1. Between Arg318 and Gln13, what is the label-point separation in nm under the 7 Å Cα-to-beta-carbon projection?
2. Convex hull over the alpha-carbon atoms of the range 212-303: what's its volume per residue in Å³?
3. Evaluate 2.2 N^0.38 Å with N set to the residue count of the range 262-391, then give the Cα radius of gyration divided by it.
4. For Ala205, enumerate residues with amide H under 5 Å from its amide H, sequence gap 5+ or separate chain, H modeled in the peptide plane.
5. I want to check the label-to-label distance for Lys6 and Ser292. Put each point 7 Å from Cα in the C-beta direction and report it in nm to one decimal.
6. If I model a spin label at Lys311 and Gln326 as a point 7 Å from the Cα along the Cα→Cβ vector, what separation in nanometres do I get?
7. With r defined as the distance between the Cβ atoms of Gln80 and Asp150 and R0 fixed at 22 Å, what FRET efficiency is calculated, to the nearest 0.05?
8. Using the Cβ atoms and a cut-off under 13 Å, what net charge is assigned to the surroundings of Pro19, where Lys and Arg are +1 and Asp and Glu are -1?
Amino acid sequence: MSSLHKSRIADFQDVLKEPTIALEKLRELSFSGIPCEGGLRCLCWKILLNYLPLERASWTSILAKQRELYSQFLREMIIQPGIAKANMGVSREDVTFEDHPLNPNPDSRWNTYFRDNEVLLQIDKDVRRLCPDISFFQRATEYPCLLILDPQNEFETLRKRVEQTTLKSQTVARNRSGVTNMSSPQKNSAPSMNEYVVLPNGCEAHWEVVERILFIYAKLNPGIAYVQGMNEIVGPLYYTFATDPNSEWREHAEADTFFCFTNLMAEIRDNFIKSLDDSQCGITYKMEKVYSTLKDKDMELYLKLQEQNIKPQFFAFRWLTLLLSQEFVLPDVIRIWDSLFADSNRFDFLLLVCCAMLILIREQLLEGDFTVNMRLLQVMEFEGTCPVFSHEADTWRPPMLAAVTGRLGTRKRWQGLRVQTPEEQI
């Protein structure tokens, strides 16, 4: 570990040990990347995402209160509805003359159950494939949820609901327009067996924890429920918390991830609501801002894309909606999110990063035709550490993100800040 890196760790520790956290100082440090040693990133993200207050003295009580609240959510939205005995809540055996599986009443408990199943199936399909380039989410968590796995509780878990549902024979997908599509899997190629492997009773894979987080979020937010892509937002958050060196943080990674994800979604949820697309807070407006920023920074490239009629909707929709989580490998996504969460105008900064990504490949874009450029923009490939955050004297004139934001320093500031995957740590 270099002396510079040790100095940065000490700077973070000095800020975080104060009775009242100096938020602006923490943001300034975090913008340049948060070291992963000592659980610094996990703690900083919780502060930057407004999960933890600035007063250290209140952390213990707030964490205890929020984690108990999450346990209550588990009881009310998963355990009680899944109780097999009719006198302990809604169950699949709870059929009466007034309320039965064919009851068309939208307020029917059975109707609610089937709607929840529809959402659950989509979540289940998405989270099983989360971050396929690493095996982390397929591994067993060392801290499975005891409330869910308690052998004395006989109820239908989310795993059993997916296995037993009558909708299992169909693929269910709900897009941003709220349209639900069902298709028979027989029409598609057979999925890989590893994609659907579940661990034995008493164990939980990390993807099952993420599934539970998203299901509870959907239940608490029926206006938006679950939309494909949310799994790509919660994934890096949960990975960061579940791999923290502090065992206490890891033990409560599920609850902490839920509340940080909820706070983050409160800021970006408009991106997932189609009816708001054309409003000033909608995704269309933000995509257009990427081009207007590019026009200010690189007129030649902007005119080239306009000439080829390459609209920002063709590529920037995914960049902005998923916070670049699909454009880079997980370690680089986490590094980018350090800066994103630290910036007080974090989503203005996201627009600048997107603009920098275009400038990074400007030579290829200026030389390519429509087909080549569309392929390049939709499947951007970078080698090594995220080049958007690099500062090499011989790379670009001036360096990519520094040219756009005017805020980033030399490459030395990023050394040692790249996150390692579990495979790299072994």
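Read-outs throughout are calculated quantities, based only on the coordinates presented, and are distinct from any laboratory measurement. These figures come from a predicted structure and were not determined experimentally. Backbone-built Cβ (ideal geometry, glycine too); neighbour counts: all protein chains shown.
1. 4.2 nm
2. So the per-residue Cα hull volume is 128 Å³.
3. Output field value: 1.03.
4. HN-HN under 5 Å from Ala205: Thr141, Leu199.
5. Placing both labels 7 Å beyond Cα along the Cβ direction yields 4.9 nm.
6. About 1.7 nm separates the two model spin labels.
7. Once rounded, the FRET efficiency stands at 0.95.
8. Spelling it out: positives minus negatives among the neighbours equals -1.
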